[in-house]
Every structure is written in structure tokens, then in C-alpha cells.
Amino acid sequence: MTISRVKLPQDDAEVLAQNLIEYNMAQRKCPIPAGSELSVLNNGVFEQFTRHPNRKIIPSGSFTHIVDCGDDFFQMSVGRYCSIARGSHVVNGHHPLHSVTTNPYHYAEYYRDNLPENLRYTGGVETFERSYGRGKIGNDVWIGAYCVIRSGITIGDGAVIPTGSVITKDVAPYSIVGGNPAKLIRLRFDQEIVDRFMNLQWWNYSPESFRDINMFNVVGFLDEMECRKEAGYLIPFHPNRFCFHDGRLTQVGNV
């Protein structure tokens, strides 16, 4: 994972603006100005119609908005229609619980290379996974403010994470989990409704397919979408997709 700082050229700024890839400023439009210095994930893909925190572009799917986050959020991929409030962080780095000390004195290159020779550890070293790896946030996920998320986990589609929660393991689709450590509070909907949502995966269809359906009526929405799917009326959604490659904005193909 390589995070780069890029200075946005005028032509790239125009492309972002044309594709409604902007800073998140509540209900105000806020195009990303030319000359902005941005933190980006090299080759990290983001879609059209996304709204990003100040001076960052986070890999994310269409209609997702992120109020604020640190560079540690580059350790997560984010799906479509997500809402991520300010102040949340992703933590990474594993320590050996089975060892004499969890401190890296006896395995870190820093101490091996910099301590006086008579203080350097010379005993055996076991290999272990020091990183939890990148994680995944699904589609239609709401993460409240000031949450802490362990990298490497998956937060399922439709999940809700209340403010201040600490997420240490995978979160099932359409579950509401909260606390420290986070525990299941309840499902957003009855299991039958959850199963219908997961089978439909409405976020993979163009808003043209459902913009006229009342989305506050969950059962009615599902009924109508399932009928339209059966009739072949649903239009797959293929927004423009981009990444920064070697510091320049690049359009990438659809999946």
C-alpha cells in the first residue's frame, strides 16, 4: 500500500468536477480546486459521484460520502452509498501475545539496526503476521463519529456502527453493532428482509432503475425492484471509475 501526495493539475481537477467527485461539505457543492495537495492511494479505485474528506481521495464507491478521516482509512476499501462521519480511525499492527514481551525490542529492525551492539537482541526470532491487512466496508454502511476499526476486517453491506464503537471483528450484513468492543445490538430488519436485500443488491443497479420508488417503504421497494428484476427492467450501474497512478488521474475500466 503506497500513499502519495499529489498536486492536482487543472485538467485533472476539471475531470473530477465533471464526474461530481468533490470534497464533502454537507449540502454544499465543493469541487476540489486545481493546485490542491491531496493524499491518495496509488492505484486505489474511486467511482463517480463520491464526496471525500479535505485533502484526501479515499477509494470508495458511488454516492459514498466521508466527512473526515486520517490517512489510516486508506487501509479500507469502501463500497457504494456509505455514510462515514468524522473522526473515525483504522488501526493496524499486530504484536506477539505469546512472547515474553509484546514490545518489538526483540523483533523490530529499528532496534536491531540502531541500539548499541551490547544491547541488541541476539536470540531466536519467530515470524508472525505484523499487519492485519486491508479491510473492506461494504455498501450502504453507516459509520458514526469517532469509531475505531481494526484493519483486515469486513463490515458487511447495510451495517450500522454507532458513534464511538470499537470494531475488532467482522460485522455481518445489516447488523447494528456498537460498544467497546462492539457487540450485536440488533438487525436493521427482520432476517427475511435482510435476505431479500442481499439477494437483490440494489446498489449494483443504476438509480434510473429505482429513483421513482419510495425508498422509505422498505417492503414496497423490495417488491417493486424484484418485479422489475424479473422483468429485466433493472439497468446495471457502471459509473466512471478512476485512480491515481504515479501521481496522475487515470480512468480505469468497469468490473
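Coordinate-derived values only; no laboratory data. None of these values were measured; they are calculated from a predicted model. Here Cβ is always computed from backbone atoms with ideal geometry, including for glycine, and neighbour counts include all displayed protein chains.
Computed from backbone phi with θ = phi - 60° and the Karplus coefficients 6.51, -1.76 and 1.60, the 3J(HN,Hα) list for segment 124-141 is x, 10, 9, 7, 7, 6, 7, 10, 7, x, 6, x, 9, 10, x, 9, 6, 9 Hz; x is used for glycine and proline. Just checking the listed ones, T64, T102, T122: in the Gaussian network model of the chain with Cα springs under 10 Å, the one fluctuating most is T122. In percent, rounded to a whole number, the relative contact order of segment 1-43 is 57, using alpha-carbon pairs under 8 Å and six or more apart.
Net charge in the neighbourhood of W202 (other residues with Cβ under 13 Å of its Cβ; Lys, Arg +1, Asp, Glu -1) is -1. Please check: in the Gaussian network model of the chain (C-alpha springs, under 10 Å), which one of G138, G124, G152 has the largest mean-square fluctuation. The residue with the greatest mean-square fluctuation here is G124.
Around the Cα centre of segment 1-151, unit charges on the Cβ atoms of Lys, Arg, Asp and Glu (plus for the first two, minus for the last two) sum to a dipole of about 340 debye.
Between the alpha-carbon centres of segment 201-215 and segment 106-155 there is a gap of 40 Å. Taking every DSSP helix (H) stretch of at least 4 residues in the chain, weighting each as -39,500 (n - 2.57) and dividing the sum by the residue count yields a mean residue ellipticity at 222 nm of -4500 deg cm²/dmol. Positive end of the charge dipole of segment 44-97 (Lys, Arg +1 and Asp, Glu -1 on Cβ, about the Cα centre): tell me which of F49, N92, Q75 has its Cα farthest that way. Projecting each Cα onto the dipole axis, the largest value belongs to F49.
What does the charge count around T50 come to, taking other residues whose C-beta lies under 12 Å from its C-beta (Lys +1, Arg +1, Asp -1, Glu -1)?
Details: positive: R51, K56, R80, R241; negative: E22, E47.
For residues surrounding T50, the net value is +2.
Taking Cα atoms only, the orientation of helix 191-200 departs from the longest principal axis of the chain by about 80 degrees.
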